[in-house]
1. What about residue 205, is it farther than 30 Å from residue 27 by Cβ, assigned by TED's automatic domain parsing to the domain that holds residue 257 and assigned to a helix (DSSP H, G or I)?
2. For the range 37-59, enumerate the residues that are over 22 Å from residue 257 (Cα atoms) and surrounded by 15 or more Cβ atoms within 10 Å (Cβ to Cβ).
3. Taking the range 19-35 on its own, how many of its residues are in contact with a strand residue (DSSP E or B) (Cβ under 7 Å, 6 or more places away or on another chain) and either over 16 Å from residue 81 (Cα atoms) or touching a residue at least 40 places away in the same chain (Cβ under 8 Å) (or both)?
4. Return only the number of the condition from (1) in the same structural domain as residue 48 (by TED's automatic domain parsing); (2) surrounded by fewer than 16 Cβ atoms within 10 Å (Cβ to Cβ) that residue 172 does not satisfy.
5. Can you tell me which residue is surrounded by the most Cβ atoms within 10 Å (Cβ to Cβ) among those in the range 255-269 that are in contact with a helix residue (DSSP H, G or I) (Cβ under 6 Å, 6 or more places away or on another chain) and in a loop (DSSP other than H, G, I, E, B)?
6. Quick test for you: out of 159, 185, pick the one residue that is over 18 Å from the mean Cα position of the chain (by Cα) and at negative phi.
7. Which pairs turn up if I take residues in the range 66-80 that are farther than 19 Å from residue 53 by Cβ and look for partners that are at pLDDT below 90 and part of a loop (DSSP other than H, G, I, E, B) with beta carbon separation below 7 Å, at least 6 apart in sequence or on another chain?
């Protein structure tokens with residue numbers, strides 16, 4: 001039995017983009033035990049992942065050296081055969097080395113590679129392919145290191161909920177928010193979670209009103225715990241469609257269940273967007289033009305015909321809104337809504 005530690009201990013969206021790679025590992029080695037090293041705030045999603053058997057929490061609260069030593073003790077106790085660092089940093093790589101894991105696989109980048117003994121040159125900073133494909137490449141590399149031929153990577157959806165549960169949730173939500181029969185649910189997530197640059201509220205309102213002119217839709221503005229003000233303002237700006245507000249205060253799992261009932265999810269490159277992608281919900285996403293944050297690199301994992309992407313016309317600073325021509329996006333959104 002393969003006992004594998006997989007590492008994606010950064011942000012929520014990044015973690016969701018590791019699911020196809022983890023799915024490949026479990027499909028290739030169904031009798032393996034796969035443990036994920038994650039921070040506390042992505043743990044609830046890790047528990048939903050059907051290909052993860054166990055979870056180790058990464059409580060990175062001290063200095064690099066002391067944190068690495070503490071983490072190494074936790075890892076050593078599990079006697080892993082291999083580790084795969086989909087996200088590689090010096091602290092966790094040092095912990096893997098101190099834990100003496102036999103196969104320590106990761107990208108051949110940064111200082112971290114010094115502590116790994118099987119590395120794959122990826123040049124992720126060039127953004128030549130989607131992040132989830134870089135992750136899949138590391139899973140394939142591990143499989144090939146075992147002398148095996150990699151199987152086909154499972155396709156979306158990567159996250160699912162029981163059908164009866166979602167049917168009940170959808171009926172209850174539509175009743176509570178007076179969503180008329182035949183209306184499609186269009187979710188807009190205008191917040192950034194503190195990371196992604198996003199469209200302006202004016203542009204989001206224009207998008208909603210424009211697609212409402214040609215489609216029978218009910219708009220749901222979603223927001224995290226600290227984003228209620230911006231969501232409420234956007235809700236007041238939309239004039240051509242009925243609007244509801246969903247303030248996510250019950251945790252990311254409940255938010256994920258709600259996302260699963262929508263017909264279209266519109267957002268910047270945020271964690272909730274990548275949850276929608278894993279659910280194979282149709283998405284429309286907006287990206288800056290920086291090479292490290294391109295639409296190709298951070299595209300969602302849903303099927304190609306369920307994904308609309310748009311990039312800013314020019315480089316965008318961290319504090320700007322995205323400069324995107326939304327007229328072509330409106331045309332694509334109308335087509336996507338009619339197709340699904």
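1. Working: farther than 30 Å from residue 27 by Cβ: yes; assigned by TED's automatic domain parsing to the domain that holds residue 257: yes; assigned to a helix (DSSP H, G or I): yes.
Against the criterion (farther than 30 Å from residue 27 by Cβ, assigned by TED's automatic domain parsing to the domain that holds residue 257 and assigned to a helix (DSSP H, G or I)), residue 205 qualifies.
2. 37, 56, 57, 58
3. Of the range 19-35, the ones in contact with a strand residue (DSSP E or B) (Cβ under 7 Å, 6 or more places away or on another chain) are 22, 25-26, 32-35.
Checking the rest, the ones that are also either over 16 Å from residue 81 (Cα atoms) or touching a residue at least 40 places away in the same chain (Cβ under 8 Å) (or both) come to 22, 25, 35.
Selection size over the range 19-35: 3.
4. (1)
5. Restricting to residues being in contact with a helix residue (DSSP H, G or I) (Cβ under 6 Å, 6 or more places away or on another chain) and in a loop (DSSP other than H, G, I, E, B), the top hit is 260.
6. Working: 159 fails: over 18 Å from the mean Cα position of the chain (by Cα).
Just a single option satisfies the conditions, and that option is 185.
7. Matching pairs, first to second residue: 67/60.
One line per residue, one yes/no per condition, for (1) surrounded by 23 or more Cβ atoms within 10 Å (Cβ to Cβ); (2) touching a helix residue (DSSP H, G or I) at 6+ places or on another chain (Cβ under 6 Å); (3) part of a helix (DSSP H, G or I):
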| residue | (1), (2), (3) |
| --- | --- |
| 209 | no, no, yes |
| 219 | yes, yes, no |
| 235 | no, no, yes |
| 280 | no, no, no |
| 285 | yes, yes, no |
| 296 | no, no, no |
| 300 | yes, yes, no |
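The values are calculated or read from the model by the stated rules, or taken from the named source; none is laboratory data. Just so it is clear, the model here is predicted, and its values are computed rather than measured. As a convention, Cβ positions derive from the backbone with ideal geometry for all residues, glycine included, and neighbour counts pool all protein chains shown.
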